[in-house]
Amino acid sequence: MEIWNGNGKASMKLGVLGGTFDPVHRGHIAIAEEARQRLSLDSVLFMPAGQPWMKPGSYITPAQHRVEMVRLAIAGEPNFELSTLEIERRGPTYTVETLVELKDRLGEGVEIFFIMGVESLESLPQWQNPDRIITLCQLVAVPRPGYGAPDIRALEAKIPGLSRRVILPDGPLVDISATDIRERAVRGLPISHLVPEAVARYIKEHGLYQKREER
C-alpha cells in the first residue's frame with residue numbers, strides 16, 4: 001500500500017487533501033500549494049477517496065484511474081505525496097478513521113492540517129464523529145466561488161471547540177469543477193487548461209468520461 005512515510009520527527013506539519021479526484025485538476029494543485037506555503041507545511045498528502053459515504057449510488061471512476069491521475073499530476077513535486085490509504089480500506093470512507101490511522105502510523109509528533117472547501121466545513125456536523133475529528137487535526141477551510149463565509153458560531157454550537165481548530169484562509173479562490181471537466185471531455189472539448197497536461201493525456205488515452213454516467 002502506498003502511503004506517505006514520515007519519520008516522526010517533532011513539529012512535522014502535514015497537509016492532507018482528500019477527494020474523489022475525478023479527475024484531479026489544477027485547482028487541487030493550487031489549493032495544496034497555497035496551503036503549504038501559508039501554513040509552512042512540510043508536505044501535502046493527496047488522498048483519493050475509496051467509497052465516499054456522502055455519495056451513495058453515484059458513479060465514480062474506478063480507483064486505479066483516479067490514483068494514476070493523481071500520481072501524474074504531482075509527479076516532480078517534491079512537497080506533494082500520494083496515499084492510497086482510503087482506496088485500500090474496505091467499505092465507506094470516513095475521515096475520522098483516516099485521521100486515526102495516520103496518527104497511529106506517523107506518531108504524535110506530526111501535526112495534521114486537513115484541507116477542505118468551506119462547503120464541506122458547513123456539512124461537518126453530519127460527518128462521523130466530528131468532535132473526534134477536531135481533536136485529531138486542524139481544519140483548513142478554503143473559499144469556494146458561490147459560497148459565503150461559514151457560520152462559525154452555528155458550527156461551534158453543534159461541535160464545541162471547533163472555532164479553535166479551524167483556519168479560514170482568504171484564498172485561493174478556484175473556479176474549476178470536476179463535473180465541468182467531465183462534461184467537456186464528453187463533448188470532446190479541450191481540458192488541458194483545467195488539468196495538468198499528463199492528466200489530460202491519460203484521460204484521452206484511456207477514454208475516460210466518454211460516456212455520460214450518473215455522477
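We did not get these values from a lab; they are worked out from the coordinates using the rules stated. Since the model is a prediction, treat every value here as computed from it, not as a measurement. All Cβ positions, glycine included, derive from the backbone under ideal geometry; neighbour counts span all protein chains shown.
Some points to look at:
- Within the listed set 100, 16, 142, the Gaussian network model of the chain (springs between alpha-carbon atoms below 10 Å) gives the highest mean-square fluctuation for 100.
- Linear extension gain, residue 59 paired with residue 135, 0.36 nm per residue minus alpha-carbon span: 24.1 nm
- Pairwise label distance in nanometres, residue 79 with residue 173, each label 7 Å out on the Cα-Cβ vector: 2.3 nm
- Of 157, 73, 198, the residue with the greatest mean-square motion in the GNM of the chain, using alpha carbon springs below 10 Å, is 157.
- Helical mean residue ellipticity (222 nm; -39500 (n - 2.57) per DSSP H run of 4+; nearest 500) of the chain: -10500 deg cm²/dmol
- Placing +1 on the Cβ of every Lys and Arg and -1 on the Cβ of every Asp and Glu, with no other charges, gives segment 12-175 a dipole of roughly 180 debye about its Cα centre.
- Per-residue Cβ neighbour counts within 10 Å put 89, 164 in the sequence 164, 89, beginning with the fewest.
- Placing unit charges on the Cβ atoms only, positive for Lys and Arg and negative for Asp and Glu, gives segment 163-207 a dipole magnitude near 180 debye about its Cα centre.
- Calculated FRET efficiency, residue 101 to residue 201, Cβ-Cβ distance, R0 = 41 Å: about 0.80 to the nearest 0.05.
- Converting phi to 3J(HN,Hα) with the Karplus coefficients 6.51, -1.76 and 1.60 and the offset θ = phi - 60°, segment 177-184 yields 10, 4, 4, 5, 4, 4, 5, 5 Hz in sequence order, with x at every glycine or proline.
- Neighbour cut-off at most 13 other Cβ (10 Å), DSSP loop, GluC sites (Glu not before Pro), segment 121-215: 213, 214
- Tally of Lys pairs whose C-alpha atoms are under 24 Å apart, taken over the chain, 8 or more apart or cross-chain: 4
- Segment 12-175: C-alpha gyration tensor shape, a/c 1.5 cut-off, then a/b vs b/c: rounded
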